[in-house]
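This report concerns only the one structure given below.
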Amino acid sequence: MKRYTLFVITTMLVFVFCLAGGVSAQVNAETFTVSPMIGGYLFEGNQDLEDKPAYGVGVGYSFDANWGTEAVFNYIDTKSEAGGGDVSAYLCRLDGLYHFNVGERFVPYVAAGIGGITFDPDRGDSDNDALVNYGAGVKYFITDSIALRGDVRHVMSFDSTHHNLLYTVGVTFCFGGAKEIVAREPRDSDGDGVYDDMDTCPGTPKGVTVDSSGCPLDSDGDGVYDYLDKCPGTPKG
């Protein structure tokens, strides 16, 4: 059953990444994030613990548009399958994240980190294990500062090596951040040397001499531009 669940979740994540192939994300440098989340935690069979919902919150910081870090706390209220009673599990980790295709709304990312998990049974002593985790996820920005989020992690503890799976969905709230300024190249559609936003005579034929406002010259002031004037030098008036 656990292998089937892992297969389904992995397949869904790959499918989402395929859909996200041509899109990118609104992630800004120097942004702080808070991400409440809920999901599930799947224990390896020889741990004798029931798979249960997982609750958590993450606090993160973006170094730039791609790289960020996040501290995450998860709580799992599980039970011993061997009749040992209730067990509270507390998982803390520090992760690094890399976001792909910055600039738009839909953002895939990969993540990895270290941490620890504490098992606190209502009968017996608590147990602490160091762990590493890696995985991937997606964020979809519904506004510039709020994103929906899905995440899957492979969690491996060190003391007695166990392979667990953590999957969550949640919301990411963004605070602060440096606004990216995109420089736009000025345009000169008619090629007369005067940019469009200052050109009061757009569409001047190529090669015609113009003044600072982009209009052709009228040297004798007779109302006919020089390049059209068949009688240049007409006396004024």
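By accessible area of protein heavy atoms, probe 1.4 Å, what ranking do 80, 126 get, highest first?
Values: 80 30, 126 70 Å².
Largest accessible area first, the residues go 126, 80.
Which one, 29, 68, 53, projects farthest toward the positive side of the charge dipole computed for the range 23-72 from Cβ point charges (K/R +1, D/E -1)?
With unit charges placed on the Cβ atoms, the residue in question is 29.
Check residue 220: other-chain or 5+ apart residues with amide H under 5 Å from its amide H, H built from backbone geometry?
233
Counting only residues 5 or more places away or on other chains, whose amide H sits under 5 Å from the amide H of residue 65 once H atoms are built in the peptide plane?
Under 5 Å from the amide H of residue 65 lie the amide H atoms of 29, each far enough along the sequence or on another chain.
Sorting 199, 125, 86 by accessible area (1.4 Å probe), largest first, what list results?
Numbers: 199 20, 125 140, 86 70 Å².
Output order, biggest surface exposure first: 125, 86, 199.
Would you calculate a helix-derived [θ] at 222 nm for the chain, using -39,500 (n - 2.57) for each DSSP H run of n ≥ 4 and dividing by the full residue count, to the nearest 500?
Numbers: 1 runs with 18 residues, N = 237.
Calculated mean residue ellipticity at 222 nm is -2500 deg cm²/dmol.
Using a 1.4 angstrom probe on heavy atoms only, work out the carbon and sulfur share of the accessible area of the chain in %. Write down the numbers at each step before the final one.
Values: 8300 of 13790 Å².
Carbon-and-sulfur percentage of accessible area, whole number: 60.
What's the longest uninterrupted piece of the chain once you rule out the trypsin sites (Lys or Arg not before Pro) that are loop residues per DSSP with at most 15 other Cβ within 10 Å?
Numbers: sites that count: 123, 179, 184, 187, 206, 230, 236.
Result, exposed sites excluded: 1-122.
What does the charge count near residue 108 come to, summing +1 for each Lys or Arg and -1 for each Asp or Glu among other residues with Cβ under 13 Å from its Cβ? Working shown, then result.
Details: positive: 105, 139, 149; negative: 104, 151.
Around residue 108, the charge tally is +1.
On a C-alpha basis, how far is the centre of the range 34-98 from the centre of the range 99-141 in Å? Whole number, if you could?
What the calculation gives is 7 Å, centre to centre.
I'm spelling it out carefully: the read-out is mean projected area of the Cα convex hull in nm², the candidates are (1) 13.6; (2) 18.3; (3) 28.5, and one was derived from this structure. Which label?
Recomputing mean projected area of the Cα convex hull in nm² here gives the entry labelled (2).
Placing unit charges on C-beta atoms (Lys and Arg positive, Asp and Glu negative, everything else neutral), compute the dipole magnitude of the range 81-128 about its Cα centre in debye, rounded to 20. Write down the numbers at each step before the final one.
Details: 3 positive and 8 negative charges, 70 e Å.
Roughly 340 debye, rounded to the nearest 20.
Restrict the search to the range 151-235; then list the chymotrypsin sites (Phe, Trp or Tyr not before Pro) that DSSP places in a loop and that have at most 14 other Cβ atoms within 10 Å of their Cβ. Each step should come with its number before you reach the end.
On the way: sites: 158, 167, 173, 175, 195, 225, 227; in loops: 158, 195, 225, 227.
Those satisfying the criteria are 158, 195, 227.
Sorted by accessible area (1.4 Å probe), largest first, how do 95, 159, 192, 218 line up? Write down the numbers at each step before the final one.
On the way: 95 5, 159 105, 192 25, 218 50 Å².
The ordering from most to least exposed comes out as 159, 218, 192, 95.
Only Lys, Arg, Asp and Glu count, each charged at its Cβ (+1, +1, -1, -1), so figure out the dipole size of the chain about its Cα centre, rounded to 20 debye. Present the calculation step by step, with values, prior to reporting the outcome.
Numbers: 16 positive and 34 negative charges, 149 e Å.
Charge dipole, the chain, about its Cα centre: 720 debye, nearest 20.
Please work out how many pairs of lysine residues in the chain are eight or more positions apart (or on different chains) and have Cα atoms closer than 25 angstrom.
Final tally of qualifying lysine pairs is 6.
Per-residue accessible area for residue 30 at 1.4 Å probe radius, Å² rounded to 10?
100
According to a simple spin-label model (label point 7 Å from Cα along Cα-to-Cβ), what is the distance in nm between residue 198 and residue 128?
Modelled inter-label distance: 6.7 nm.
Considering only protein heavy atoms, what per residue accessible area in square angstrom results for the chain with a 1.4 angstrom probe?
On the way: 13790 Å² over 237 residues.
Dividing the accessible area of the chain by its residue count gives 58 Å².
To the nearest 10 square angstrom, how much accessible area does residue 198 have with a 1.4 angstrom probe?
Rounded to the nearest 10, the figure is 120 Å².
The values are calculated or read from the model by the stated rules, or taken from the named source; none is laboratory data. The model shown is predicted, which means the values in this text are computed figures rather than measured ones. Cβ coordinates were reconstructed from backbone atoms using ideal geometry, including for glycine residues, and neighbour counts include every protein chain displayed. To get the accessible areas, we keep the full protein, side chains included, count just its heavy atoms, and leave off ligands, DNA and RNA. Shrake-Rupley method; radii C 1.70, N 1.55, O 1.52, S 1.80 Å.
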